[in-house]
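The values are calculated or read from the model by the stated rules, or taken from the named source; none is laboratory data. What you see is a predicted model, and the numbers here were worked out from it, not measured in a lab. Here the Cβ positions follow ideal geometry from the backbone for every residue, glycine too, while neighbour counts run over all protein chains shown.
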C-alpha cells in the first residue's frame, strides 16, 4: 500500500501540485475574514469549472454536471443567505466572514479530482464506469462556490449606498 501511494504521489505532474498549492492557499486565506471586490468572488467557481472543461464535450456528462451545478447553486443561495457579510458600497467591497468550509471543500474537490484522475490514468475501464459520479461531485462543489458568489453579489447590489 505504501508503494502504491508513493508511486501515485511521485507520478503526479508538477502542474497538479501547483493547483493543489493554489487551492490550499485560497482555502487557508478563507479561514479569516477578508475584504474582497465583488468581481473577485468569481475566481474560485471559474477556476474550478475550467478544471472540468472536458465534461462539456459529452452530452450526458454535461447534463449531469449542469443538474448538479444548479442544485448546488440553489442550496448555496439558501445556506449563504444567513452569512453576516458587510457591504462597503463606498469602496465597492464586501467583507466576507472567515470559516473553514472553503478549505474543506477545496481539499475535497482536489482529492476527488486526484483520485479520479489517477484512476483514469491507471484503470481507465473502471474509471469510465464511475465517470458520472466524478462529474456529479465536481459539479456540486463548483456550484456551491458559484451559489455563494451569486448570493453575495445579489446582496451587494441590493444594499443601499450610505449617505456621506
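Numbers at a glance
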{"read-out": "Residue among 6, 35, 12 that is surrounded by 14 or more Cβ atoms within 10 Å (Cβ to Cβ) and on the phi < 0 side of the Ramachandran plot", "value": "12"}
{"read-out": "The listed residue being surrounded by fewer than 18 Cβ atoms within 10 Å (Cβ to Cβ), modelled with pLDDT of 90 or more and over 12 Å from the mean Cα position of the chain (by Cα), out of 152, 127, 100", "value": "100"}
{"read-out": "Selection count, the stretch 114-134, where residues are in contact (Cβ under 8 Å) with a residue 12 or more places away in the chain and either touching a strand residue (DSSP E or B) at 6+ places or on another chain (Cβ under 7 Å) or under 21 Å from residue 76 (Cα atoms) (or both)", "value": "1"}
{"read-out": "Number of the condition not met by residue 42 [criteria: (1) under 14 Å from the mean Cα position of the chain (by Cα); (2) at pLDDT below 90; (3) closer than 21 Å to residue 154 by Cβ]", "value": "(2)"}
{"read-out": "Whichever residue in the stretch 43-60 is part of a helix (DSSP H, G or I) and in contact with a helix residue (DSSP H, G or I) (Cβ under 6 Å, 6 or more places away or on another chain) and, among such residues, is surrounded by the fewest Cβ atoms within 10 Å (Cβ to Cβ)", "value": "56"}
{"read-out": "Answer from 51, 63, 23, 107 - the residue that is at pLDDT 90 or above and within 18 Å of the chain's Cα centre (by Cα)", "value": "107"}
{"read-out": "Single condition residue 95 does not satisfy, out of (1) closer than 18 Å to residue 40 by Cα; (2) touching a helix residue (DSSP H, G or I) at 6+ places or on another chain (Cβ under 9 Å); (3) not in a loop (DSSP other than H, G, I, E, B)", "value": "(2)"}
{"read-out": "From 78, 73, residue being loosely packed, with under 12 Cβ neighbours inside 10 Å and either modelled with pLDDT of 90 or more or touching a strand residue (DSSP E or B) at 6+ places or on another chain (Cβ under 7 Å) (or both)", "value": "78"}
{"read-out": "Per-region count, the stretch 1-40, residues out of contact with any helix residue (DSSP H, G or I) (no Cβ under 6 Å at 6 or more places or on another chain), outside any loop (DSSP other than H, G, I, E, B) and under 16 Å from residue 149 (Cα atoms)", "value": "6"}
{"read-out": "Qualifying position, being touching a strand residue (DSSP E or B) at 6+ places or on another chain (Cβ under 8 Å) and in contact (Cβ under 8 Å) with a residue 24 or more places away in the chain, among 55, 85", "value": "85"}
